[in-house]
Structure formats: C-alpha cells, structure tokens
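Laboratory data are not the source of any read-out in this text; all were calculated from the coordinates shown. Model, not experiment: these values are computed from the prediction. Cβ coordinates were reconstructed from backbone atoms using ideal geometry, including for glycine residues, and neighbour counts include every protein chain displayed.
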Amino acid sequence: MAAAPTRPAGGSRLDRVPPRVLSSAVGIAVLLLWELLARTVYAGSYRLSPPTAVVAEFFEFPGLYLRNLWHSTKTAAWGFLWGNLAAMALAVASTLVPCLRRSIGAVVLTVFCLPFIAIAPILRLITGPGNATPIALSALAVVFTTYVAALLGFDLAPGSALDVVRSYGRGRLTAFRNVRVRASVPALFAGLQIAAPAAFLGAVVGEFTGAHRGLGILTVRALGALQTDRIWVIAVMATIVATGGYLAIGALGRYLCPWSPALDVGAVPVPRTEPGLLNRLAGLLAPIAVVFVFWYAFLWVFGIEPFFAKTPVDVWAELFSVSEAPETRSIIFGALGTTLWTTSLGYVVGLVGALASALVFILVPWLERSLMPIAVALRSIPIIVTTPVIILFVGRGLLTTTAIVAVMSFFPTLVNCYTAMTRTPEGILDVLKSYDATSAANVRNAYLPTSVPALLASARIAVPTSLLGATVAEWLATGDGIGAVMVTAFTRNDFKILWVSVAVLTIVAVIAYWLVAAFELRTLERMAPGISR
Amino acid sequence: MARRGAPVDVVGVGRTFALAGDEVTALRGFDLHVPAGGFTALIGPSGCGKSTALRLVAGLDTPDEGTIDMDGSSPDEMRRGQRIGVAFQDPSLLPWRTVSTNIRLALELVGRRHDTKAVDELVELVGLQGFEKARPSQLSGGMRQRVAIARSLVTKPDLLLLDEPFGALDALTRQQLNDELQRIWTARGTTTILVTHSIPEAVYVADEVLVMSPRPGRVVARHAIGFERPRTRELLLTDRFHAEVEAVSASLHRSEGQVVQLDTDPS
Amino acid sequence: MTANQFSRRTFLGGTAAGAGLLLGGSTLITACSGSTEPPPAAPLTPVNFHLSWFDSVQFGGSYLADANGHYAAQGLDVTLVPGGPGVSPDTSVIAGQSIMGISAANFAGQAKADGAPIKIVGVAMQRNPFVIASLTSNPINEPRDLEGRRLGMAFNNQLDLELLSSLNGVDVNAIEVIQADYDPAPLVNGEVDSLLCWLVDLPVAMTVAGIDNTTMLFADFGYAVHSQTYIVTEDTLANRRDDVLALLRGEILGWQDHKADPDTSAQVTVDRFPDAGMDLETETVKAHEFVKLMFSDVTDASGFLWWTDQSVADNIRVLKALGVNVTEDFWDRSLLEEIYAGGPVL
C-alpha cells in the first residue's frame, strides 16, 4: 500500500544525505585518518603503511602483483568450480534420495570441520607437486556452505507447485527439474557468495604447501623481509577482488531471479530432527558410521603408506592404549584447551560485538549507510590476508588468535543480524511507535528477537570457521594451541600426533556445531515457528 | 452513555512519497472530522491513500501540508502521550509472546506493566478466555485479530485506529468480529476510525462513512448512518440497509468514474 | 627399478592423474614440465627434487645446475619442487614422489626414529644456520646474554633453544619467549630484544633495510645439527643409486658454480622466479652468506656436501638431547666417496 519508510525515521539530518555521498565521505575520512596515523603514530614501525605508499608500491611492481593475484585467483576459481559442483551434486542426491540426506550431511559437515592446515600436507602427499593441492583445499573449503545453501534452495520450492507437478502424474525427477531447480537459485547464490572468499582461503593455504607463486607466498616472503608496504598491497588487492567477487555473484543471482528477494544462507535455521529417542540415536550413529567408512575408504583408495596413514584404530590406540598415550593426551588436550579458550573468547566477542553493532546500525541509520558497505567488504576478505595485518597490530600473543576469531565471526554475523533486523515486520514497529516506544523498547521487543534466528544461524556456521581461523592464527602467528601442535607434528614428520590432532579437533568442531544447532532449534521452537519465516 | 475520547480534525492534508524515482501523491486536500466518541469508516478504491491517512492520524507519518488536530493536540503529541491504539490488517503480534503478554505489551510500553486486571478484562472482552497462555502460531486468524484489537484497547486510548483489521478473514468470522467491535465501542465509547474495503462492513459499524477518491485521495462523499444501536444481523437483511449500501456504492462508483466491484460479503 | 617401486610409482601416477581429472587437470603439468631444450641423444630421466622452502637463493646452486646444464649432462630432467611452511620434504621423499629432498638432521631424524626408511647422503650446511639476532645497540653476543631478555622465535624451535641453553649452562626459564616467525618487525619495534632465526633470513632483511644487527651463530656454541641435508629412501639407494649419484653430481657442479660466482647465482635466482618479487640486492647478500655456511675446510679438503665422522658423533649426541634417537647408519657417505674418488672438485 503506502510506501512506508522501512527504517525507523531517524532524527539526524545525516539521514537525508544520499548514501553514495555519505559512503564516499566516510571512505575518504578513513583514508585520510589511515594516512595520518601511518605518517605519525606508526611512522617507522613496519606496521601500518600509508595509503599513498600502498598505491606507490603497487605501481612500482604492477606486473608482480597482478601475476600473483591472477595465479591465486585462478586457483581459487578452479576450487570454487569443483567444490561447488560437488556440493550441488550432493545436494541433488540428498533431495532426490531423502534417506541419504543425513549421512551426506554428516560427511560434508565433517569435511568442513577438518583443520585445513593439517590436511594440507596430507593432500600434498596424495596429489604430489603441482597446483592440485591448492585447488583441492579450495574446493573443500566451499563444499559445506554451498551444500547447505543448495539444499535449502531445493527445500524452499513451494509445496503447492510440487503438488501441481504430482497432480499431473509426474515423479520426483520432473518436480526437481521444473520446480526445485528454479526455486533454489536465490539461496544457492547466497551460498556462492560466501563460498568465494572461502575458496580464496583454501587456495592460499594450499600455496603454503609449496608453490612458485601466489599471494600467500608473497605475503610470507614480505613478512620476513620487512616489506610492510607489500603486505598492505596484498591485503588491499585481496579485499578488492574478494568484495568484487561477492558483489558480482550477488548481482548475477539477482539478474537470474529478479522475482526473489535477497536471501542469506547464514540466516537459515537448522532443519528439524524427527522426534523419538530411537530416531535421534539412529540419526546420530548412522552419520558417524559413514564418516568412519569414508576415513578407511580414503586411506585405501589413495593407498597411503602406513607411515603416513593412521586409521581410527591407530588414533584410538595412540590416545588411549600405547605407553606414550598419557603424554600424547596431555599434549593434545592441553593444546586443545588453549585453542578452545582463545577461540571461544574471540567467538563470543565477535558475536556479541556483531549483535551490538547491528543494533547501533538499525537505530542510527546514517551510521549504517556509511559503514555497512565497509562491513560487507570486510566480511568477504579471506582470513589469511587479514592475519598478517592483525599480526602487525596485535602482535603474536594469545590475543592474536582471539582477535582473528573475533574478526572472522564478527562480519558475517553483523551482516546477517542487521539484515534480519531490517526484516522486522513493519506492523510490529508501527504498533511500538504508536505507543511512542523508546529505542530500548524497540530493541527489546522487536529488533533483538527478530535477529535471534540469524544470530543463532550465524553462530552455528561460525563454529567451524572460528576453529579454522584459530588454527591458522596459531600456525602463522601465536605458536600456541592445537594449530601449533599440528604444524610441529608435520614438520617433524610425526604423523601419529598429526592424525590424532586432526581427529580430536574435528570431533570437537562437529560436537560444538551440534550443540549450537541443538540450542538453536530449542530456542526457535520456544520463540515459536512464526519468527523463523 | 459516557462518551470519551478525542475529536479528530483533519484539514487540507497532503502527502507525497518518493517511490522508485517517481513522486506519488497519496493524499491531497484530505479533510476529516470525527466527533469525540464517534465511529467513522473510511472507504475507497485500492491505493487511494486510506492507510496513509490513518498513519498520519496515528502520528506514524507526518503530512507535507495541512493540519491534524485532536482535542488541541497534534498526532505526534497524541502518540507521545500514548493516547492512541492501533490495529492493522496484519495482527502484528510478537510470535514469541503469549496472548496475554502480547496484550500486556501495550501496557508495558505505557509504563503500566503490572495492570494484570486490564489484561484479564480485555481477554474477556474479546472472548479469548482459556487461551491466555497460547502463542500466536497456535491461534486462528480471527483469534489473532482479537488479540490485536485487545492490545489496541488495553491502554484505554482516546483514539482507536483500525486499518482493515478483519480484511484477511472469512466472511463469517468477520461478521462476528464486527459485532464484537460494535459491542466494545459501545461499552468503551472511544473515538474510532476504521479503514475498510467492505461497504457493508462500513455501513454496519460506523456512524459516518466517508468515501475517498482514487489517488491522490480526498473525501468525496459523506454518508451519515443513522441506524439505531445496538445493530444486529437482522439489520443486514433490511431494505434500508441495502439502500444505504447502494448509496455508498454509488458514491464510490462516481468517485472512481468506473465500474466498482461491490463487496457484498456479509450475507 | 623393482616391481615394488614400480607399482608404487605407477599407483601414485594413477592417483595423481585421477586427481588431475578431478581438479582441472593441473597435476598433469608436473609430469610433463621441465626442459624445453631440443632432446639430447639419450632421453633424460625425469626426477623430482624437493627443496625445503620457497624458491630462494638458498637453492642457488640447484638453479645454476639446471641453468648451466649440469643435470642434463648427468642424464636427468630435474623438477625442483618448492617447499613452504605447510609441507615437509621428508614426506615427499618417503612417499616416493621425490627422489631426493632437502631436510634438516633433526626433522629427518625424527622420521627415521619413527621408522621411515631414509638416509642422509649429503650435508649442504656444515654449520647450522640458526642464530640469535639482536640490534647492535642492544646486542646478544653469547647465550648467557639471553637471560632476562625477551626472545622472539617460532614455537617449533623451543627444543633447540632448550638445547642451546643446556649446552651453555643458561637457565632457559630466565628467557622470556615471545612467538615471532618469519618477521623481524618485533625486534625492530622493540617488542623483543632478540630473534631466533636463520642467519641468511631476517638478519639480511634488516641489514638491507639499514638496521644494524648482531648475530650469534648456534653452531659456535655447541649446536651441531646438520642442516640443509639431502635425504633419500633406502629403497631409492638400493634401486636407483645411479640416479641419485647423477643428481648429487649435478648439485655439486651447480654449487661449485655458486661458490665461484655468488652474484651470478643471485641474478639467476631472481630472474628464474619473476613472480616471487625477490630483491636482487638482498639475494646477493644471502648468496654470499650461504657460501660461508656451506663451504669450509672440510669441503675444501673433501668436497661439497661432505661431512666428518666427528660431526656425525656430535649430531647423534645433540639429537639425542633433542629427543631424537638415531645411529651412525642414518648417514651414508658411500655416494660422496664414489663421486669424490678423483678429488674434492668435480
């Protein structure tokens, strides 16, 4: 009916400034401040390069930067392609053969929870030299989110449309072709948007297993050679490319399905489980069995030699029955404790900070309009590129892990929560406004509850990504925790410890994911299904 | 009957929106006068600015031109004084709250959180006894609307603004709720403005029916409805009711300058 | 090549091809990479040689061996596989993907102690390149100076630090260790007083950046761990001895070229990897530093890659202190003895 304003009418005159002008003004202000800080407080500190120096550095070696960027981007693009194709194939299988869904889901989740830095050398072992390991890692990095997104997309197909197909006597396949595929496009593209920076991360971690070129290698070289300008050029380039990819995929999605509103896969609630203890138990055990089958199959198919290959039985023995088991346990669980502590601190700081920022944005619209584009850009930066920059600022203490995890969980959660808040039903806001409700009352009664599903979904997705960020940080920066144990293990060729760490960390990640998912389900059920629409 | 509530005087109000690069004038030269305790229905073709008018009166939006006065107060002052109750076509309940806590929301917002008596009274008034602990998702559409109406009334507002609150309901439920609305209005005597698509509904519940022109909307015809209260369903079958409906319909027809789809729901 | 070796290589080739199909065919590149020169009379044997770090003048002799045709003259088509922080060359060698790899006695020794059938057949760095680097204004000249100071180092080096401390009667708990890896900035910024790093790495970067620094070589204080050691599997030694001999000969010739003209080696390295963004000045300084680490009285007398029985005894003792138990048979000098039968220079 009437074109009512979608946001609470703010009192600020800044709200009348066109968004583009405001964003540019804030952007210019940030650049000026950056330049000023770099030239004064941080001068000669090898930490912050002024923007002018960053630009100058780029134009001094444009070929070098563009070639490395092109190489990493190409690797990421291959991984993106293969990973997404695999994810979609798995999603199709899960939709057409529903009884497979649980097991496929478990395997895909497990793969998502695998610590990259530890499987990179194992992948290198299988693929040998060349670009296959970076591509494979890049592919593995995108499978889960795309799988979840595609599955959601297929499920979002309107039931009535499916019934129409069925009423003509056609089967599942026809329904799939004619209805589900089309219906899945918006959710799928939301997933692909998230996959783009993840693919980049995989490619760069892959480069660390040996390559001649790429942004990851250039970064490590630059850190060792005091080339601060170079680190900043790489960070800025990666940001531009990642944001560009994010926006381009979003635009393509809108072009392909203009009828649909933007969807965010991060805001998707978990699927419900069937009730009943037996169902739940079967639902739990079957996937675990499938994961173990995959573990053995992996070792067998690739014929990995016993020196490298450890089976679940080996891992169990290493942890519980061999004579060094108590020592192994104390190493692994001690390190795990450190990792979990720093990670959960960063995770909570990231989530709470994101929620608070989303609330500030919704209450102060001009702030949102000037800063949100920056947040969207930052959310798509691969962590591997942020890490050196964070190291430059925070140093290499335990705080670094916390900071990196916080950054990793902050931006996606902020964007998801804010988006959910903007979808607060207008009627509710009008009712509140008609009683002249205070901002606090609006937050309590409308914005906060409406953003809860998005917050919980983000929190769930952030579990494995936080642990991934933590292990990368521990590897590159802090030298603490399970990440350090894994790296030490493979540089010292201690494959027993390596497999044990991978297994333990993966199990912890999967359990943490399940716990958050269970909490999410319970909360959503209590808050009534209406809210999760 | 003790009449309470504020008289509403709207003079020469205009409102223009920027929409997708275009300017859309929703209202121009819109006048409205509702006496204290009066019940006025606004009717008009789709998109004629009925809801905009209501939002302006509620202080949810501000006019570009013209004045709105209620008992010496502006809509914004009325809103800030928490003297208004609103209900929309979408009941806009908080899904995580129960029936009684949804009703209590309005009390919380006006700082009377502990007035449980008022909540109980309204639950009874809208006939939801036994459902106090239910959540909106467990209620039928009609029951949700009753909760919304109860919420709009619980603060004992001086002005009740209803924007097609029964628009999405089936004819039978709708008639039932109209009966209850009339009963509540009779009991409370709050100044009420009802926006509706349904001519029979407007004629059945209101003292006065105002017919609006297509966009930009303004009032083009007024029909005083003189039926004695309480009005009952028998009235729907009478010739004078039909005559009144025909008259309003004719006004609407003239205002649109084209064939009007008559809504003859309440059979 | 034995049947066992053959089948494993075939199998790995098969999986690599399978992975290649899956991953865009990129792995196939390795199989056919190498020289684009016109083929010589006899076909070259393709081998992978796994380096221990990213492309760097640290492997300058190998690049010269390739550029100057020493490998080809030995009948080999050598692919120099780069290392990195996320890969272990030992793994590649043990898995049979690389015929030879560059490791350090402590890392390779760990694998050996865990049952990996590998041997050291050459030692490039006579003196271990670990140093404690400090600013000249606040120097660390001997291990004792570390007490009460802040030391930035990679977590992997804790055992090395403990060993250095115990060898020199230093209380390791009196050293405040802060994680710092691949990055001299903490020292320059004063967050630490010293860094544990490679002589040819961060100190050179600081020198090039105009920052005066002091280095204290671990090797001068009893830390006798062979570094940049060439490792092969026992299986390879038994069945592909000639290929290993040929590869070692090529290496030795390349490094003799490097020693004769480190500047050219640096130039060749920088030109060979235009995408690495290397700085010629830095690499030249490093090229000269590597000569100091890799050549000594021992190599002058016996040849590049040579080691003495005394240094093996020292290594065994030091490695034992590091928790790595190996015996003399971890080192196999028979290939070098064969190569250098005619004298210490090829």
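In the elastic network of chain C, a GNM with C-alpha springs shorter than 10 Å, the most mobile of C:Pro43, C:Pro82, C:Pro186 is C:Pro43.
What separates the Cα centres of segment A:403-436 and segment A:466-523 is a distance of 31 Å. Counted over segment C:186-297 with a bin width of 5 Å, the fraction of Cα pairs per bin, in whole percents, is 2, 9, 15, 17, 17, 17, 12, 7, 3, 2, 0. In chain C, helices alone account for a calculated mean residue ellipticity at 222 nm of -12500 deg cm²/dmol, with every DSSP H run of four or more residues adding -39,500 (n - 2.57). A helix-only calculation puts chain A at -25500 deg cm²/dmol for mean residue ellipticity at 222 nm, using -39500 (n - 2.57) for each DSSP H run of at least four residues, averaged over all residues.
Other residues within the sphere of radius under 15 Å centred on the Cβ of C:Pro344, judged by their own Cβ, net out at -2 (K and R +1, D and E -1).
Descending by average beta-carbon neighbour count within 10 Å, the peptides A:304-317, B:40-53 line up as B:40-53, A:304-317, the highest first.
With a cut-off of 8 Å between alpha carbons and a minimum separation of six or more residues, what is the relative contact order of segment B:71-230 in percent? With pairs under 8 Å counted, the relative contact order is 24 percent. Each Cα pair of segment A:64-268 feeds into the Kirkwood radius, which the Stokes-Einstein equation turns, at 10 °C and 1.306 mPa s, into a diffusion coefficient of 87 µm²/s.
Using bins of 20 Å that start at zero, the share of Cα-Cα pairs per bin across chain A amounts to 20, 55, 24, 1, in whole %. Inter-chain Cβ neighbour count for A:490-499, averaged per residue, equals 6 (cutoff 10 Å, partner chain atoms only).
When the P(r) is computed for segment A:126-198, the part past 19 Å accounts for 49% of the Cα-Cα pairs. When the charge dipole of segment A:64-268 is built from unit charges on Cβ atoms (+1 for Lys and Arg, -1 for Asp and Glu) and taken about the Cα centre, the candidate among A:Ala195, A:Ala93, A:Met237 whose Cα reaches farthest toward its positive end is A:Ala93. Counting Cβ atoms of other protein chains within 10 Å of each Cβ in A:115-127 and taking the mean gives 4. Sequence-distant contacts, meaning Cα pairs under 8 Å at least 6 residues apart, place the relative contact order of segment A:311-533 at 27 percent. Here segment A:311-533 is assigned +1 on the Cβ of each Lys and Arg and -1 on the Cβ of each Asp and Glu. Its dipole about the Cα centre then comes out at about 440 debye. Each helix, a run of at least 4 DSSP H residues, gives -39500 (n - 2.57); summed and divided by the residues of chain B, these come to -10500 deg cm²/dmol at 222 nm. Protection proxy ranking, highest mean first, for peptides A:168-174, A:356-362: A:356-362, A:168-174, where packing is the per-residue count of other beta-carbon atoms within 10 Å, averaged. For chain A, the Cβ-based charge dipole about the Cα centre amounts to some 1100 debye (Lys, Arg positive; Asp, Glu negative; other atoms uncharged).
Using a cut-off of 19 Å between Cα atoms, the listed pairs A:Lys310/C:Lys119; A:Lys433/B:Lys133; C:Lys259/C:Lys286; A:Lys433/B:Lys156; C:Lys119/C:Lys259 include A:Lys310/C:Lys119; A:Lys433/B:Lys133; C:Lys119/C:Lys259 as exceeding that distance. Percent antiparallel among DSSP beta bridges with both residues in the protein assembly as shown, to the nearest 5? The antiparallel fraction comes to roughly 55 percent.
Partner shielding of B:89-100 amounts to 5, given as the average count of beta-carbon atoms from other chains within 10 Å of each residue beta-carbon. Across chain C the C-alpha pair distances fall into 20 Å bins from zero in the proportions 29, 58, 13, 0 percent.
When you count the other C-beta atoms within 10 angstrom of each residue and take the mean per peptide, C:199-211, A:123-135, A:244-256 line up highest first as A:123-135, C:199-211, A:244-256.
Between B:Val195 and B:Leu42, B:Leu162, B:Asp163, B:Glu164, the built amide H atoms are under 5 Å apart, and every one of these is 5 or more places off in sequence or on another chain. Each of A:Tyr65, A:Tyr42 has some number of other Cβ atoms within 10 Å of its Cβ, and from fewest to most they run A:Tyr42, A:Tyr65.
Taking 1 over the mean of 1/r across every pair of different Cα atoms in the protein assembly as shown, what Kirkwood radius in Å do you get? It is 34.1 Å.
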